[in-house]
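In what follows, a single structure is set out as structure tokens and then discussed.
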Amino acid sequence: MQLKLTSLLVLLLASGLGLMLTMPRATEAQGLPVLRAIWFEWDPCFAFRDQLAPLFKEATIEVTCVPLGQWHDAIFRDDFLSNSSGKWDIVILDSQFIGEAVTGGHVIELTQLVADQIDLTDYFAEPFAAYGEYPPNSKRYFGVPFEADVQFLVYRKDIWEQIGVRDVFGYDDPDSDSGLLQVARRINAAPGVGAYGYASFWCTLCGDAYDQGATCWNQIAWSYGGEIWDPATFRVDGVLQQKANEDSLDLARQLILEGPPNVIDYDFGNLVGALCDGTVAMGAIWAGFGPAFTGEGCAMRDRLGFTVVPGQRTHALSLGGMGVHVSSHVSPERQQLAQRFVAWSQQQTVQRAWVEMGGYSARKSVLASGLFINSAAYAPIFGVSYPLVKDFWNLPEYAQLLQIQMQGLYGAFSGELSSAQALDQIAKGQQALLDEAYPDGPPRPPADPVTIIVGVQIALLVLTGLFMLLVVATMVAVFVKRHVAVFHFSSPIFMELILLGCLLLLSALLTYAQDPPNTVACQFHLWLSVLGVCLIFGPLLAKTWRVWQIYQKTSKFMSIRITNADCLKVTAGVMAPAVILLAVWTGVDTNRPKTYYDEPNDGEQVTRCDNDHLAIYLGVLFGYLGVLVLAGCVFAFLTRNVATEFNESRYLTVLLYNLVLISAVTIPLIFFISDDPTVSFALECAGFLFAVLLVLGVLFGPKFYRLAAGKGDDRSTLGTRGARGTTTSSGPNTSGRNNSSNNHNNHTSSNSDPPIRQEMDTVVSQIFDDSC
């Protein structure tokens, strides 16, 4: 019986243990999904984790608070950039992280959420933009405010009363004793005070420095009327070295001398400790650390007061706080749920609950409410200070820019460098970094890309493909019929080169299949189109030059032989300047895609191939093509009376006229309306296709017509005058031998002497037979 009872108990215990092991968590049993959030270790993160997150009823939010020094890498290195991305659904980012997060595609856009569910009029514009807008002034949002923050001045009320200070006015007031520097000096000079005059988180090179020393000095510089860069032009060099910044850095150095010996290495924790244990009588620190000064752990909590950090010539304070963002590395379902949390967190009731937990709202209505003003001794100071905030770089290069600034600031804070030297060092280093990262200047706000209408693109590319097939078929036909007289006397090898030029010209249009263009497409379009035009003109000029040379010599009864190799040299000579220009163009200042914006509203962007010296290159190119056109006109005129079987001067004239006309119409239109890629593509297609059609129709059409009519090998018309049209048949010469001799020069130069011209054409025919 005892054994049975024992066995029963063991069985029950095993069953219970198995049930416990297989039982789902309470959240899963309730059907609640889990969202994971990350922030850095400080009181607001703990309030989010322990108080705010449980109020969201649609999911269980697991909040992880990491050390400040690990905050960035825990998000970017360990999640966003890792192979196992998707660790965090909700990320709280510093405003300076946004550029890196957005350009890396790590957070989703919340612009529609902002438009539908957030009243922007209830937020201060600059901080709202800093927490989630990228690029600046784009009106595209990737986050919304989660924790607002600004610095305030914490001071010992008893010490101020002892030395007769009621408030501070400005950082440095030589004409009175009410400037921050003067008050700090009075504290250090007062007997029996037992505390240093002033401290802040001046840390620049300590372990968890992040941006601590920078945000201390930035607001001093701004209040002195300085700027740390020009965000409109991305200029630092020439901006940072201004006198106002030098004065503000001198002031920071003097304030450091009024603090404890190791104050240059103070971080947030050191400063909170020094104010709470009485080591320091004054200090500027983020309002987010406010609860630390009123809690049981602060020995001086009853003696501490709070006021606004002073200004000087103007009044600006460093923006603190962070925005909330949704990771793009999680499933669409989790993204949707995280977006619902973001919208929920901005509700009036939730924001009021947040301030009761010790957090800070970015909503004007909440900051002005009695609930907030009475929530803490420092709350009214926050409400006055927060509208004065100003932010700095929120670029992907923020970390490198910050490192350069922190190193320079340490040199000035420690006295190793003068203020002027430190500022120049920072400016030169940061400018080099920005110039390398943004060679074309500041990035423009994202806009809707304007691309070629797909239907038009497909239709024109198909038409281009059909033209290419027609050209290839013509090349094959010319090769097969190359021994037929009508092709033979037109030099088949040069006809094939002309057709190859047509093929290259058409191939240039295929680069429009890449829309918007990339660098490869830009390069191919440039080379194919220029080489195509030159390959059409080059062989045609070479052939016409040969005809002119042969007729010029034979008219004087001089022997001459101009081979295909000689003509190829002429063709190469025509091509060489274009190839050299293209090589220089590509090597020195290559064509690459550039994005241009619709200036009136920046609502659209067009990407097209361009470079910094396009006008110069096009001027040289069109100048050279003009020379080729002029040469073609001259040769066409000189050979106007040569038999059409050898001479294509008429065809050359027709081609030149029409190609110049096409260029004069289409090229300006392409450049002037290039903001519409569909129109530009259509115009270029029309110009190129018409040019190829002219070449095929004018140069090759008559030859194929004669071939189809059965006259391809008929040499009986070799004496036909192309331009003048006089017949080659004539009766015998009855003027006598002497008369013929006396009038020899007239016969050889006359266009109206059929027998001699017919004899010359026969001789030329034999020469062409040998040359071709």
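The values are calculated or read from the model by the stated rules, or taken from the named source; none is laboratory data. No experiment lies behind these values; they were computed from the predicted model shown. Note that we place each Cβ from the backbone using ideal geometry, even for glycine, and neighbour counts take in every protein chain shown. For accessibility, only protein heavy atoms count, side chains too; no ligands or nucleic acids. Shrake-Rupley method; radii C 1.70, N 1.55, O 1.52, S 1.80 Å.
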message: Please go through region 168-179 and give me each residue that is more than 30 Å from residue 123 (Cβ to Cβ) and either in a helix (DSSP H, G or I) or small (Gly, Ala, Ser) (or both), ordered by number.
response: 176, 178, 179
query: For the subset of region 48-59 comprising residues that are touching a strand residue (DSSP E or B) at 6+ places or on another chain (Cβ under 9 Å) and assigned to a helix (DSSP H, G or I), which member is surrounded by the most Cβ atoms within 10 Å (Cβ to Cβ)?
result: 48
query: Restricted to region 582-608, and to residues that are open to solvent by less than 30 Å² (accessible area, probe 1.4 Å) and over 30 Å from residue 137 (Cα atoms), which residue is modelled with the highest pLDDT?
result: 582
message: Residues that are modelled with pLDDT of 95 or more and either open to solvent by 10 Å² or more (accessible area, probe 1.4 Å) or charged (D, E, K, R) (or both): does region 177-184 have at least one?
response: yes
In region 60-71, the residues that are open to solvent by 30 Å² or more (accessible area, probe 1.4 Å) and over 16 Å from residue 208 (Cα atoms): 60, 62, 64
message: For the structure I just gave you, tell me whether residue 251 is touching a residue at least 60 places away in the same chain (Cβ under 8 Å), out of contact with any strand residue (DSSP E or B) (no Cβ under 6 Å at 6 or more places or on another chain) and outside any loop (DSSP other than H, G, I, E, B).
response: yes
- line: Given the conditions (1) touching a residue at least 60 places away in the same chain (Cβ under 8 Å); (2) in a helix (DSSP H, G or I); (3) under 30 Å from residue 700 (Cα atoms); (4) of a type in the set (A, V, I, L, M), every one holds for residue 535 apart from (1)
- line: Residue pairs qualifying under the 9 Å Cβ cut-off, at least six apart or on distinct chains, with the first in region 97-119 being in contact (Cβ under 8 Å) with a residue 60 or more places away in the chain and open to solvent by less than 40 Å² (accessible area, probe 1.4 Å) and the second being charged (D, E, K, R) and assigned to a strand (DSSP E or B), are 98/133
Residue count for region 266-299, restricted to those that are more than 24 Å from residue 383 (Cα to Cα) and either open to solvent by less than 40 Å² (accessible area, probe 1.4 Å) or in a loop (DSSP other than H, G, I, E, B) (or both): 11
message: Quick check on my filter: what residues within region 72-90 are in contact (Cβ under 8 Å) with a residue 40 or more places away in the chain and surrounded by 18 or more Cβ atoms within 10 Å (Cβ to Cβ)?
response: 72, 79, 80, 87, 88, 89, 90
- prompt: acidic (Asp, Glu) and over 21 Å from residue 234 (Cβ atoms), is that true of residue 416?
  reply: yes
query: If a residue has to be in contact (Cβ under 8 Å) with a residue 24 or more places away in the chain and either farther than 21 Å from residue 315 by Cα or part of a loop (DSSP other than H, G, I, E, B) (or both) to count, how many in region 134-167 make the cut?
result: 22
query: Out of curiosity, is residue 310 more than 42 Å from the chain's Cα centre (by Cα) and touching a residue at least 60 places away in the same chain (Cβ under 8 Å)?
result: no
- request: Can you run down the residue pairs with Cβ atoms below 7 Å, 6 or more apart or on separate chains, where the first is in region 578-603 and closer than 19 Å to residue 441 by Cβ and the partner is open to solvent by 40 Å² or more (accessible area, probe 1.4 Å) and modelled with pLDDT of 85 or more?
  value: 592/519; 593/518; 593/519
task: Please work out which one of (1) open to solvent by 10 Å² or more (accessible area, probe 1.4 Å); (2) part of a helix (DSSP H, G or I); (3) in contact with a strand residue (DSSP E or B) (Cβ under 8 Å, 6 or more places away or on another chain) is the condition residue 216 fails and give its number.
output: (1)
statement: Note on region 498-529: residues touching a Ser or Thr at 6+ places or on another chain (Cβ under 7 Å), at pLDDT 85 or above and surrounded by 17 or more Cβ atoms within 10 Å (Cβ to Cβ) are 499, 505, 506, 508, 509, 517, 521, 523, 524, 525, 528
- line: Here the qualifying pairs (Cβ atoms under 9 Å; residues six or more apart or on different chains; first in region 264-277 and without any contact (Cβ under 8 Å) to a residue 24 or more places away in the chain; second part of a loop (DSSP other than H, G, I, E, B) and of a type in the set (Asp, Glu)) come out as 269/208
message: I'm told residue 259 meets every condition in (1) crowded, with 21+ Cβ neighbours inside 10 Å; (2) more than 40 Å from the chain's Cα centre (by Cα); (3) not in a loop (DSSP other than H, G, I, E, B) except one. Can you identify the failing condition by its number?
response: (3)
- prompt: Just to be sure, is residue 209 of a type in the set (Gly, Ala, Ser) and open to solvent by less than 50 Å² (accessible area, probe 1.4 Å)?
  reply: yes
message: Among the residues in region 435-445, are any under 29 Å from the mean Cα position of the chain (by Cα), open to solvent by less than 10 Å² (accessible area, probe 1.4 Å) and over 30 Å from residue 157 (Cβ atoms)?
response: no
- prompt: Pick from region 371-384 the residues that are assigned to a loop (DSSP other than H, G, I, E, B) and in contact with a Gly (Cβ under 9 Å, 6 or more places away or on another chain): which of them is surrounded by the most Cβ atoms within 10 Å (Cβ to Cβ)?
  reply: 378
message: Given the criteria in contact with a Leu (Cβ under 7 Å, 6 or more places away or on another chain) and surrounded by fewer than 21 Cβ atoms within 10 Å (Cβ to Cβ), does residue 486 qualify?
response: yes
